[in-house]
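The values are calculated or read from the model by the stated rules, or taken from the named source; none is laboratory data. Just so it is clear, the model here is predicted, and its values are computed rather than measured. With ideal geometry, Cβ positions are generated from the backbone for all residues, glycine too; neighbour counts draw on all protein chains shown.
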Amino acid sequence: MHVGVIGTGYVGLVTGVCFAEMGNEVILMDVDEGKIGMLCDGRVPIYEPGLQQMVVRNMAEKRLAFTTDLEHTIQSSLINFIAVGTPPEADGRADLSQVYAVARGIGKAMQSYKIVVTKSTVPMGTTHKVKDIIAQETTHPFDVASNPEFLKEGNAIEDFMKPDRVVIGVDDVRAGEILKELYSPFVRTGNPILMMDIVSSEMTKYAANGLLATKISFVNELSRLCEKVGADIEMVRRGIGSDPRIGPQFLFAGIGYGGSCFPKDVEALARTGREHGVELKVVEAVQETNRMQRQHFIHVIRRHYGDDGLRGKQFAIWGLSFKPRTDDMREAPSLDLIQALLDRGARIRAFDPVAMESAGRILADSVDFAPGNYECLEGAHALVIVTEWNEFRHPDFEKIKKMLLEPVIFDGRNLYNPQKMAQLGFTYYSVGRAKTTPQ
C-alpha cells in the first residue's frame, strides 16, 4: 500500500519505517528541513535500537522516502497518518494546533479519496474535529480513523512489529477493512485487531497509560510505607505480581515515572474529566503520588547529610534519561533530582550511555558530564543511581568503593541486594527497603 506519515518524531518515524519494512511504499513528511536532511542521509535524530539500520535498508530498497512537501505526500498516499506532536499547554490540556494545521493541509491537497488516521495521542473528539476541518477544505471523499500507538521507547520496533493488539477506531466499514489489511502482516500470530468507534479508540489510549501509571504510583506509594514498617517492597512486589489478575509488569518501585507519554497523558485524562464534570480522583492521586515519590528520594539524600550538609558535596549520577534504551529527557526524574541538589550547593558529575547530549541541552554548564560510569565517580562523595541501564547492574563494587570519597550509594532503581552491599562495606539506600550500613 501507499502510506504517508506526517511527523517524524518518535511515533511517526517508527510507524513509517515499520510499515516500509513490511513492503509498503512509505513517505515520511516533516516541516523541519534539518531533520529531513538528516534522514535523507540515513541518520536518525532519535535513539531507538535498530531504527537507523531499518531506515538505511528501506531507503536502499526504495520503499521509504522523506520529504518536506505535504501536498506530494497526500497525493501519493491512500492512507495518511497524522503523527505530529501534541505537547501539554501550561494548563495541562493537549496542544492540538499541529494536528489541526495538518488536517487543513490535507484537505487542501486532496485530489481523490483518502483515509486520514490520527496516530498522535489526542483527546476524545479530536478525530471528528479533524474530519470537520478537512471537510471545510475539500469536496473529495475521505474517511477518518483513530489508531493510537502503544509503543515503549527503547522497544518500539518490537512493539510495532509484534503488537499485542492493534486498536482502530472508524465510522466507516470501508476504511476499517483497508486498515485491517494494512495491519494484517503484523498480527499473523493471532493477536487481535480491535475495531471500535473513534471516540472509544481515543479513550483507550488514555485509559491504558492512566492504568499503567497507576500501577507505578501504587507500588511507589507502598514503598514509602514499607520503609516505615520494615517490609521489603521487592518481596511485596513479587508477592502481588505473581497473581495473574495483577501481573508483574509496571510494579517496580523507583523514583517515579517520566517521559513523553505518562505525565502528559495522565494530566490530559484528569483535565478531560474535570471539563466534563467527572472528577477522576484516582487519576489525580496518581499524579500527586508521582510528584511525592521524587521528593521523597531527594529527602532521603538530604536526611543523610543534614539540612546544610549538601553544600560542597559532589554527587556522581548514573543515568539521565527517563528510562533505559532511550535518550529522551522529557520529564526525566534526574532533572528534578539534579536541580534539588544544585539548589542546596552540591556539585554534579553525571554519566548516561546515550542521553548526555540531550541532557546537555537542558542542563548546560550546571553539570559536569563524565566520559564513562567509573570516571563519573572521581571526586564524588556518593553515587546516585537514577536510570536502570544494564551497564549499571553488575559493576565492579571494589572499584566503586575505592573511587568514592565515602562509600555511600543512593539507589533509585533497586538494582542491588542490600545485604550484599552491607557486606561490601557500603552505606546503601534504596526504595522501599531498609537502609543498610557496612558490616
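Computed values, structure above
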| item | result |
| --- | --- |
| Region 324-354, residues that are without any contact (Cβ under 8 Å) to a residue 40 or more places away in the chain and surrounded by 19 or more Cβ atoms within 10 Å (Cβ to Cβ) | Met329, Leu335, Ile338, Ala346, Ile348, Ala350, Phe351, Asp352, Pro353 |
| Unmet criterion (only one of (1) modelled with pLDDT under 95; (2) of a type in the set (D, E, K, R); (3) assigned by TED's automatic domain parsing to the domain that holds Arg294) for Glu202 | (1) |
| In region 6-27, the residues that are of a type in the set (A, V, I, L, M, F, W, C), farther than 17 Å from Lys62 by Cβ and not in a helix (DSSP H, G or I) | Ile6 |
| Failed condition for Leu415, given (1) surrounded by 23 or more Cβ atoms within 10 Å (Cβ to Cβ); (2) within 24 Å of the chain's Cα centre (by Cα); (3) among the hydrophobic types (A, V, I, L, M, F, W, C) | (1) |
| Search result, residues across region 28-59 that are over 18 Å from Gln98 (Cβ atoms) and outside any helix (DSSP H, G or I) | Asp41, Gly42, Arg43, Val44, Tyr47, Glu48, Pro49, Gly50 |
| Residue list for region 152-185, restricted to those being more than 26 Å from Lys129 (Cβ to Cβ), in a helix (DSSP H, G or I) and free of Cβ contacts under 8 Å to residues at least 24 places away in the same chain | Glu158, Asp159, Ser184 |
| Residue match in region 354-366 (condition: over 23 Å from the mean Cα position of the chain (by Cα) and among the hydrophobic types (A, V, I, L, M, F, W, C)) | no |
| Restricting region 414-439 to residues that are part of a loop (DSSP other than H, G, I, E, B) and of a type in the set (Val, Ile, Thr), the residue that is nearest to Val300 (Cα to Cα) | Val431 |
| Gly176 being assigned by TED's automatic domain parsing to the domain that holds Pro418, more than 21 Å from Val84 (Cβ to Cβ), more than 26 Å from the chain's Cα centre (by Cα) and of a type outside the set (A, V, I, L, M, F, W, C) | no |
